[in-house]
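The values are calculated or read from the model by the stated rules, or taken from the named source; none is laboratory data. Note that this is a predicted model, so its numbers are computed, not measured. A quick note on method: Cβ atoms are made from the backbone with ideal geometry, for glycine too, and the neighbour counts reach across all protein chains shown.
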Amino acid sequence: MAGQTSPLERLLHRDQVWVAFGLATVTLLSWGYLLTGAGMEMPSMSARMETAQAPGWSPAQAVLMFIMWWVMMVAMMLPSAAPMILLFSSVAKRASKPGSTSIFVSGYLLIWGGFSVVATLMQWQLAQTGLLTGMRANSQMLAGLLLLVAGFYQLTPAKHACLKHCQSPLQFVTEHWRSGPHGALLMGLQHGSYCLGCCWALMALLFVGGVMNLAWIGGLAAYVLIEKLIPKWRYLNLLSACLLITAGVILLGVSVSQGR
């Protein structure tokens, strides 16, 4: 009868609701972690930043910085990956592999864990050279270069190729579907790699606005979400590239004029 849903459709809908609830919970917990420590005026974060500026990090301090980066990446990137995860969950459920969704998400987050390792090492190196103050670049030359890199990367074929995969979950599933837990992990790693290829330069801008600057984090996360979920905004990349390049040129010009 028209208008009636089958038991399978009801089951799929219920599964989607639980997956969406799980994603929302993880995202909110991640943002909650950032809220407890974000902002230079907060004593807890100030203490962490002092340890990050120390001449040498202890293993515990390095792990703390890595966790901070990874949680931040989860908070920023998981919402934009939600359509892909929900679609994968639906397909996996139809294939009677419901547990594969958690494996897929794990693969996706492992990629951003790898990025977090690199970001932590970058933060350590910049702190040792005195280019970071309060987890923000204190060199206009460095900030300008990061803005230029992010701006020009927005215009590259690599950026557009990775973004296309992120914007088209159905196409990704159709072209890259693999069955079983191992296949789910590989798909998660692959989708995470496309996501990283799309957004790594934007994430590097955290050193410009402040690694734990909530407004900066939220702005970048919102831009990534819009970029992935509204592919019809054809000139969004071009506009963002022009703004980033302009800002980078201005900062470099100021840096040169001041001899910094």
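Limited to the stretch 118-145, what total is found for residues that are hydrophobic (A, V, I, L, M, F, W, C), under 15 Å from VAL208 (Cα atoms) and without any contact (Cβ under 8 Å) to a residue 40 or more places away in the chain?
1
Please go through the stretch 213-233 and pick out each residue that is within 14 Å of the chain's Cα centre (by Cα) and within 19 Å of THR120 (Cβ to Cβ).
Matches in the stretch 213-233: TRP216, ILE217, LEU220.
Pick out, from the stretch 172-260, the helices (runs of 4 or more DSSP H) lying fully within it that include 3 or more residues that are among the small types (Gly, Ala, Ser) and closer than 30 Å to THR101 by Cβ.
180-204, 214-229
Scan the stretch 120-140 and give yes if some residue there is under 26 Å from TRP57 (Cα atoms), at pLDDT 95 or above and surrounded by 14 or more Cβ atoms within 10 Å (Cβ to Cβ), otherwise no.
Within the stretch 120-140, none of the residues are under 26 Å from TRP57 (Cα atoms), at pLDDT 95 or above and surrounded by 14 or more Cβ atoms within 10 Å (Cβ to Cβ).
Would you check which residues across the stretch 49-68 are crowded, with 18+ Cβ neighbours inside 10 Å and either modelled with pLDDT of 95 or more or farther than 17 Å from VAL118 by Cβ (or both) and list them?
The answer is MET49, and nothing else.
With the condition kept exactly as written, say whether any residue in the stretch 92-99 is surrounded by 21 or more Cβ atoms within 10 Å (Cβ to Cβ) and modelled with pLDDT under 90.
yes
All but one of (1) over 15 Å from ALA81 (Cβ atoms); (2) touching a Leu at 6+ places or on another chain (Cβ under 6 Å) hold for GLY210; which doesn't?
(2) is the only condition that GLY210 fails.
Condition (residue is surrounded by 16 or more Cβ atoms within 10 Å (Cβ to Cβ), under 24 Å from ALA62 (Cα atoms) and either of a type in the set (Phe, Trp, Tyr) or in contact (Cβ under 8 Å) with a residue 24 or more places away in the chain (or both)) applied to the stretch 146-165: is it met by at least one residue?
The answer is yes, given that some residue of the stretch 146-165 is surrounded by 16 or more Cβ atoms within 10 Å (Cβ to Cβ), under 24 Å from ALA62 (Cα atoms) and either of a type in the set (Phe, Trp, Tyr) or in contact (Cβ under 8 Å) with a residue 24 or more places away in the chain (or both).
If you go through the stretch 172-199 one residue at a time, how many are touching a helix residue (DSSP H, G or I) at 6+ places or on another chain (Cβ under 6 Å) and aromatic (Phe, Trp, Tyr)?
2
Any chance the stretch 172-191 includes a residue that's at pLDDT 95 or above, closer than 19 Å to LEU146 by Cα, crowded, with 20+ Cβ neighbours inside 10 Å and not aromatic (Phe, Trp, Tyr)?
No, because not a single residue in the stretch 172-191 is at pLDDT 95 or above, closer than 19 Å to LEU146 by Cα, crowded, with 20+ Cβ neighbours inside 10 Å and not aromatic (Phe, Trp, Tyr).
List the number of the failed condition for CYS198; all other conditions in (1) free of Cβ contacts under 8 Å to residues at least 40 places away in the same chain; (2) surrounded by fewer than 18 Cβ atoms within 10 Å (Cβ to Cβ) hold.
Among (1) free of Cβ contacts under 8 Å to residues at least 40 places away in the same chain; (2) surrounded by fewer than 18 Cβ atoms within 10 Å (Cβ to Cβ), the lone unmet condition for CYS198 is (2).
Which one is nearest to the chain's Cα centre (by Cα), of the residues in the stretch 101-121 that are over 25 Å from PHE172 (Cα atoms) and not hydroxyl-bearing (Ser, Thr, Tyr)?
Among those that are over 25 Å from PHE172 (Cα atoms) and not hydroxyl-bearing (Ser, Thr, Tyr), it is ALA119.
Of these, TRP124, TRP69, which one is aromatic (Phe, Trp, Tyr) and under 16 Å from the mean Cα position of the chain (by Cα)? Break it down into steps so the answer makes sense when it comes.
Working: TRP124 fails: under 16 Å from the mean Cα position of the chain (by Cα).
From the options TRP124, TRP69, the qualifying one is TRP69.
Quickly run through the stretch 209-235 and pick out the residues that are crowded, with 16+ Cβ neighbours inside 10 Å and free of Cβ contacts under 8 Å to residues at least 12 places away in the same chain.
Hit for the stretch 209-235 is TRP216, nothing else.
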